[in-house]
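The values are calculated or read from the model by the stated rules, or taken from the named source; none is laboratory data. This structure is a prediction, so every number in the text was calculated from the model and none was measured. No Cβ is skipped: glycine too gets one built from the backbone with ideal geometry, and neighbour counts run over all protein chains shown.
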Ligand code: NAD
């Protein structure tokens, strides 16, 4: 078992499902003490799990306080909780725009704000935000979701600049379509789930969905002191979607 994160405490938001659960497991396997912050902790396994909604400032503060009270420190924050939205600009109401931005963007701000006092005391402080290829590629019928992820990318760079001198690194990971319960829900809602899955797989140049474990591996690198010269940037885990444009023959 790796001891890379021995003695370090990590919080993973949205850590009870999908990519977040894989991140929590990966950091734990590498020696971190992991706490999950999620609005629904029923799927969280073998970790200290706190129920909190990232849209509720007092529940976020209470969750971070509970982690620091329990473990005495906080070194790594993975801002991963997020929700999807489908459609073009005519398809979502103003209330939906506010709601999705509140979870995907302001949620990261709330968690980070609550965690900063503890992170400033850590010799290995790192924040990793789960962004998306949607920040860099014009995905059809994803206007609202893509706008939130574009904001996450800019927020990541701005936070990296603001906290560089404090020794807190901030990076993000950009997954392509990943095989998670979220995508499972999208597929089950499709008229033809098998054809829809095949279409999603074909969109990835490497011909398959990204696994949550592959994303978690990149997050672990960005969260660890191995990436100590890396801040304000992103690692893309998308089978080539962002840069190859066309699937090779
Ligand atoms: P998921 O639905 O499987 O898991 C999301 C988790 O976040 C759930 O446990 C959920 O309870 C939690 N959550 C949602 N809203 C919350 C809130 N307000 N407060 C606290 N917890 C909340 O989704 P996933 O596919 O694992 O996605 C995780 C992250 O990865 C998201 O930020 C998403 O935008 C990003 N992402 C996913 C994909 C993909 O294809 N699955 C691709 C790119 C980026």
Condition (residue is at pLDDT below 95, more than 13 Å from the ligand (Cβ to nearest atom), surrounded by fewer than 24 Cβ atoms within 10 Å (Cβ to Cβ) and within 24 Å of residue 217 (Cβ to Cβ)) applied to the stretch 42-59: is it met by at least one residue? yes
Matching option when the condition is surrounded by 15 or more Cβ atoms within 10 Å (Cβ to Cβ), more than 10 Å from the ligand (Cβ to nearest atom) and not in a strand (DSSP E or B), among 67, 111, 89: 67
If you scan the stretch 125-156, which residues turn out to be surrounded by 13 or more Cβ atoms within 10 Å (Cβ to Cβ), part of a loop (DSSP other than H, G, I, E, B) and within 16 Å of the ligand (Cβ to nearest atom)? 131, 132, 136, 137, 139
Test residue 122 against the criterion of being modelled with pLDDT of 95 or more, away from the ligand (no atom under 15 Å from the Cβ), surrounded by fewer than 23 Cβ atoms within 10 Å (Cβ to Cβ) and in a helix (DSSP H, G or I), and give yes or no. no
Output the qualifying pairs, or none if there are none: Cβ atoms under 9 angstrom, residues six or more apart or on different chains, first residue in the stretch 43-61 and closer than 16 Å to residue 26 by Cβ, second residue in a strand (DSSP E or B) and away from the ligand (no atom under 12 Å from the Cβ). 46/34; 47/33; 47/34; 47/35
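Residue by residue, here is whether (1) in contact (Cβ under 8 Å) with a residue 24 or more places away in the chain; (2) within 23 Å of residue 177 (Cβ to Cβ) holds:
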site: 67; (1), (2): yes, no
site: 93; (1), (2): no, no
site: 100; (1), (2): yes, yes
site: 114; (1), (2): yes, no
site: 119; (1), (2): yes, no
site: 124; (1), (2): yes, no
site: 131; (1), (2): yes, yes
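Let's see how each residue does on (1) modelled with pLDDT of 95 or more; (2) within 13 Å of the ligand (Cβ to nearest atom); (3) closer than 28 Å to residue 139 by Cα; (4) touching a strand residue (DSSP E or B) at 6+ places or on another chain (Cβ under 9 Å):
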{"residue": "17", "(1), (2), (3), (4)": "yes, yes, yes, yes"}
{"residue": "33", "(1), (2), (3), (4)": "yes, no, no, yes"}
{"residue": "61", "(1), (2), (3), (4)": "yes, no, no, no"}
{"residue": "75", "(1), (2), (3), (4)": "yes, no, no, yes"}
{"residue": "84", "(1), (2), (3), (4)": "yes, yes, yes, yes"}
